[in-house]
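The values are calculated or read from the model by the stated rules, or taken from the named source; none is laboratory data. Quick caveat, the model's predicted, so the values are computed rather than measured. Don't worry about glycine lacking a Cβ; one is built from the backbone with ideal geometry, like all the others, and counts go over all protein chains shown. The accessibility values were calculated without ligands, DNA or RNA, using every heavy atom of the protein model including side chains. Shrake-Rupley method; radii C 1.70, N 1.55, O 1.52, S 1.80 Å.
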Amino acid sequence: MLLTQLPLGVISEVVSLEAEGIKRRRLLDLGLIPGTQIIAKRRSPSGDPTAYLIRGTVIALRSEETNLIKVR
Amino acid sequence: MELTKIKDFNELLSNISDSLNGKQREQLRDQIVKDIYSNAEVIADNNVSMQGEQTGIGEKIDDILTSKWLGFPIMLLMLGGVFWLTIVGANYPSAMLGEFLFWVEGHLSNLFMAVGAPNWLHGILVEGMYRTLAWVISVMLPPMAIFFPIFTLLEDLGYLPRVAFNLDNLFKKSGANGKQSLTMSMGFGCNAAGVIAARIIESPREKLLAILTNNFVPCNGRFPTLLILSMIFMGTVGGRGSSLLAAGIVVLLVLIGIAITLLVSWILSKTILKGIPSSFTLELPPYRKPQIGRVLVRSFIDRTLFVLWRAIVVAAPAGGIVWLLANNTIGGVSIIDYVANLIDPFATLIGLDGVILMAFILGLPANEIVLPILVMSYLSLGSMIEPDSADALRGILVNNGWTWVTALCTMLFSLLHFPCGTTILTIKKETNSWKWAIFGAVMPLTVAIIVTFLVNQIFTTLFL
């Protein structure tokens, strides 16, 4: 499933990144490599972006990015 | 490694890179990042131990601060609260400082008289320079000394990234970067700082949007003007407890500024700065206990004194110039009168008067001096009241024909008009282009004229 669809509070694992170029690099910089644990923490009042717990850090990502991340 | 070996190695790398196609190159990079992270994980596991639960109170606070229903109201309340504290807290020390500094002025005048100094010297130095300085200090210092520490405290706590998190969607829809709300927060302190802060935005297009619209956040040079005008014109409408109303009005003005920022960003990204938003990642760091002592020192020395000093450096010569303009005549009228009359017809259309518009133009080097210049100009035109309190100021403005619509238009013009000279030069430096620097001044001016014109026409027809 896409990271965008991940319900809040559920622990999941990155399967693959569909992003290319600079976007892919940004996501890799955050440590989003296959196998990384990721949990959706909270959504902004308007529903987007969503904050995720990645490697002990809370990082907000827009749906444009999370639509390019596959998790399970 | 020896130099030749490094060179060989680099050659080898570029040979490898050349032999790969796009897909393979991406795979190679993925593998490198993967290896770096797995190595880092091993090192961290062996050497770092986490103490206690990381989640907890901070999470609960975040649940409230970014919640669907409370997120925005809390932001508004915080903003209003900061303004209210500033208004209430600044009132009394401002009056005291004013009284003291004008008491000093009396003695300075006596001293000049006693040594038999010529009238023009007394005029330039005391009535021009000193009086403007006294004004800038008594009007600016108390609100800044209250506003900055509170704001720095919020910054230190880690609240600002939550604001960016809440507001991001609005920025996305207007084609801008969510980090723009961070550069805007910097703009509250100083627009030039806000423009420099735009370096955190990587996409050149979005960076330019953030730079060009930073002016729509009232910097602390304009912020006291907004506070004082809303206090004496809007605040007194409700009688007692009116400081709440005044704070509310300043919040409203800030919201108008944000709305115009979004609107202008949207228009620009549909026209001359076409493009889609680039990627956005924002860290929400854990809350920290602020170091109160450091916050106080830092906000006082770095911000309050720095900004006050800048205002003083500009205000003193400006005060001298205003005195000269007021006391030299062209065909029997003072130069101030002459210029003010010249631009009065246009100024009246947008709800101001010639003197107000002239004060804004003379205030280009630093917005802090707009209100002092304005008052000095009015005083030079005959009114004899000493502007040592809010009531006296109200008297001066009302005597010169101000209504609440004049105050509203002046506040809107102050909020929107053009950034100070320093900020314009900073835009030139950051964009490396005079074209954008000039655009960064002319575009807000156009917006300001359109908005004040509409507001003036509509409100005058409806209410006066």
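Looking at B:356, B:350, B:321 in this structure, which one is among the β-branched types (Val, Ile, Thr) and open to solvent by 40 Å² or more (accessible area, probe 1.4 Å)?
Details: B:356 fails: open to solvent by 40 Å² or more (accessible area, probe 1.4 Å); B:350 fails: open to solvent by 40 Å² or more (accessible area, probe 1.4 Å).
Going through B:356, B:350, B:321 in turn, just one is among the β-branched types (Val, Ile, Thr) and open to solvent by 40 Å² or more (accessible area, probe 1.4 Å): B:321.
Among (1) over 20 Å from residue B:160 (Cβ atoms); (2) touching a helix residue (DSSP H, G or I) at 6+ places or on another chain (Cβ under 9 Å); (3) away from chain A (no Cβ under 14 Å); (4) of a type in the set (S, T, N, Q), where does residue B:279 come up short?
(3)
Which numbered condition trips up residue A:13, out of (1) among the acidic types (Asp, Glu); (2) facing another protein chain (nearest Cβ under 10 Å); (3) touching a residue at least 24 places away in the same chain (Cβ under 8 Å)?
Among (1) among the acidic types (Asp, Glu); (2) facing another protein chain (nearest Cβ under 10 Å); (3) touching a residue at least 24 places away in the same chain (Cβ under 8 Å), the lone unmet condition for residue A:13 is (2).
So which helices (runs of 4 or more DSSP H) stay within region B:209-322 end to end and still have 3 or more residues that are more than 25 Å from residue B:452 (Cα to Cα) and touching a residue at least 12 places away in the same chain (Cβ under 8 Å)? Show your work before the answer.
On the way: elements: B:223-229, B:242-270, B:292-298.
Here the list reads B:292-298.
Would you be able to say whether some residue in region B:20-40 is open to solvent by 80 Å² or more (accessible area, probe 1.4 Å), more than 10 Å from chain A (Cβ to nearest Cβ) and not in a helix (DSSP H, G or I)?
Checked region B:20-40: at least one residue is open to solvent by 80 Å² or more (accessible area, probe 1.4 Å), more than 10 Å from chain A (Cβ to nearest Cβ) and not in a helix (DSSP H, G or I).
I'm trying to understand the selection: among the residues of region B:195-217, which are open to solvent by 10 Å² or more (accessible area, probe 1.4 Å), more than 13 Å from chain A (Cβ to nearest Cβ) and out of contact with any Gly (no Cβ under 9 Å at 6 or more places or on another chain)? If you could, list the steps in order and put the result at the bottom.
Here is the first cut: in region B:195-217, the residues open to solvent by 10 Å² or more (accessible area, probe 1.4 Å) are B:196-197, B:199-200, B:202-205, B:207-208.
Okay, now just the ones that are also more than 13 Å from chain A (Cβ to nearest Cβ), so B:196-197, B:199-200, B:205, B:207-208.
Answer for region B:195-217, where residues must be open to solvent by 10 Å² or more (accessible area, probe 1.4 Å), more than 13 Å from chain A (Cβ to nearest Cβ) and out of contact with any Gly (no Cβ under 9 Å at 6 or more places or on another chain): B:196, B:199, B:200, B:207, B:208.
Which one of the conditions (1) open to solvent by 60 Å² or more (accessible area, probe 1.4 Å); (2) within 12 Å of chain A (Cβ to nearest Cβ); (3) closer than 30 Å to residue A:47 by Cβ does residue B:57 fail to meet, given that it meets all the rest?
Only one criterion is unmet by residue B:57, namely (2).
So is residue B:17 more than 30 Å from residue B:139 (Cβ to Cβ), open to solvent by less than 50 Å² (accessible area, probe 1.4 Å), more than 13 Å from chain A (Cβ to nearest Cβ) and part of a helix (DSSP H, G or I) or not?
On the way: more than 30 Å from residue B:139 (Cβ to Cβ): yes; open to solvent by less than 50 Å² (accessible area, probe 1.4 Å): yes; more than 13 Å from chain A (Cβ to nearest Cβ): yes; part of a helix (DSSP H, G or I): yes.
Yes; evaluated as a whole, the condition is true for this residue.
Just give me the residues in region B:25-74 being of a type in the set (Val, Ile, Thr) and within 30 Å of residue B:15 (Cβ to Cβ), in sequence order. I'd like the intermediate steps shown before the answer.
Within region B:25-74, the subset of a type in the set (Val, Ile, Thr) is B:32-33, B:36, B:42-43, B:48, B:55, B:57, B:61, B:64, B:66, B:74.
Selection gives B:32, B:33, B:36.
Can you tell me how many residues within region B:413-429 are assigned to a helix (DSSP H, G or I), open to solvent by less than 10 Å² (accessible area, probe 1.4 Å) and either of a type outside the set (A, V, I, L, M) or closer than 15 Å to residue B:353 by Cβ (or both)? Step through it out loud before you land on a result.
Applying the first criterion (assigned to a helix (DSSP H, G or I)) to region B:413-429 yields B:413-416, B:421-429.
Narrowing the set further to residues that are open to solvent by less than 10 Å² (accessible area, probe 1.4 Å) leaves B:413-416, B:423, B:427.
Add one more test, that the residue is either of a type outside the set (A, V, I, L, M) or closer than 15 Å to residue B:353 by Cβ (or both), and what stays is B:413-414, B:423.
The total comes to 3.
Could you tell me which residue of region A:51-65 is nearest to residue B:33 (Cα to Cα), considering only residues that are open to solvent by less than 10 Å² (accessible area, probe 1.4 Å) and free of Cβ contacts under 8 Å to residues at least 40 places away in the same chain? Steps first, please.
Pass one, region A:51-65, residues open to solvent by less than 10 Å² (accessible area, probe 1.4 Å): A:51-52, A:54, A:60-62, A:65.
With free of Cβ contacts under 8 Å to residues at least 40 places away in the same chain added as a condition, the list becomes A:51, A:54, A:60, A:62.
Numbers: A:51: 23, A:54: 16, A:60: 21, A:62: 22 Å.
Among those residues, the one meeting the criterion is A:54.
Let's see how each residue does on (1) among the hydrophobic types (A, V, I, L, M, F, W, C); (2) in a helix (DSSP H, G or I); (3) in contact with a helix residue (DSSP H, G or I) (Cβ under 6 Å, 6 or more places away or on another chain):
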{"position": "B:93", "(1), (2), (3)": "no, yes, yes"}
{"position": "B:97", "(1), (2), (3)": "yes, yes, yes"}
{"position": "B:101", "(1), (2), (3)": "yes, yes, yes"}
{"position": "B:106", "(1), (2), (3)": "no, yes, no"}
{"position": "B:110", "(1), (2), (3)": "no, yes, no"}
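For region B:168-194, what are the residues that are touching a residue at least 60 places away in the same chain (Cβ under 8 Å) and either within 14 Å of chain A (Cβ to nearest Cβ) or farther than 26 Å from residue B:418 by Cβ (or both)?
B:168, B:170, B:171, B:172, B:173, B:174, B:175, B:176, B:177, B:178, B:179, B:180
Return the residue satisfying two criteria in turn: it lies in region A:36-49 and is touching a residue at least 24 places away in the same chain (Cβ under 8 Å) and surrounded by 19 or more Cβ atoms within 10 Å (Cβ to Cβ), and of such residues it is nearest to the other protein chains (Cβ to nearest Cβ).
Here is the first cut: in region A:36-49, the ones touching a residue at least 24 places away in the same chain (Cβ under 8 Å) are A:37-43.
Right, trim to surrounded by 19 or more Cβ atoms within 10 Å (Cβ to Cβ) and you get A:38, A:40-42.
Details: A:38: 13, A:40: 13, A:41: 8, A:42: 6 Å.
Only one residue tops the list, namely A:42.
Run down B:292, B:267 and say which single residue is over 19 Å from the mean Cα position of the chain (by Cα), closer than 29 Å to residue B:364 by Cβ and surrounded by fewer than 18 Cβ atoms within 10 Å (Cβ to Cβ).
Details: B:292 fails: closer than 29 Å to residue B:364 by Cβ.
It is B:267.
Check whether at least one residue in region B:162-177 is assigned to a loop (DSSP other than H, G, I, E, B), among the charged types (D, E, K, R) and either open to solvent by less than 30 Å² (accessible area, probe 1.4 Å) or out of contact with any Cys (no Cβ under 8 Å at 6 or more places or on another chain) (or both), and report yes or no. Give the steps one after another, and end with the answer.
Looking only at region B:162-177, we keep the residues that are assigned to a loop (DSSP other than H, G, I, E, B), and these are B:174-177.
After this cut, where a residue has to be among the charged types (D, E, K, R) as well, the list is none.
No; the residues of region B:162-177 include none that is assigned to a loop (DSSP other than H, G, I, E, B), among the charged types (D, E, K, R) and either open to solvent by less than 30 Å² (accessible area, probe 1.4 Å) or out of contact with any Cys (no Cβ under 8 Å at 6 or more places or on another chain) (or both).
For residue A:55, state whether it is closer than 28 Å to residue B:42 by Cβ and more than 8 Å from chain B (Cβ to nearest Cβ). Please lay out each step first, then the result.
Details: closer than 28 Å to residue B:42 by Cβ: yes; more than 8 Å from chain B (Cβ to nearest Cβ): yes.
When the stated conditions are applied, residue A:55 passes them.
Which condition does residue A:33 not pass, out of (1) closer than 21 Å to residue B:41 by Cβ; (2) at the interface with chain B (Cβ under 7 Å from one of its Cβ atoms); (3) open to solvent by 50 Å² or more (accessible area, probe 1.4 Å), if it passes all the others?
The one condition residue A:33 does not meet is (3).
Exactly one condition in (1) buried (at least 20 other Cβ atoms within 10 Å of the Cβ); (2) part of a helix (DSSP H, G or I) is not met by residue B:342; state its number.
Failed condition: (1).
Here is a check on your reading of the model: is residue B:371 hydrophobic (A, V, I, L, M, F, W, C), under 16 Å from residue B:319 (Cβ atoms) and open to solvent by 30 Å² or more (accessible area, probe 1.4 Å)? Even if it seems obvious, please write down each step before you answer.
Working: hydrophobic (A, V, I, L, M, F, W, C): yes; under 16 Å from residue B:319 (Cβ atoms): yes; open to solvent by 30 Å² or more (accessible area, probe 1.4 Å): no.
No; evaluated as a whole, the condition is false for this residue.
Can you give me the number of residues within region B:121-161 that are over 20 Å from the mean Cα position of the chain (by Cα), open to solvent by 20 Å² or more (accessible area, probe 1.4 Å) and not aliphatic (A, V, I, L, M)?
Qualifying residue count, region B:121-161: 4.
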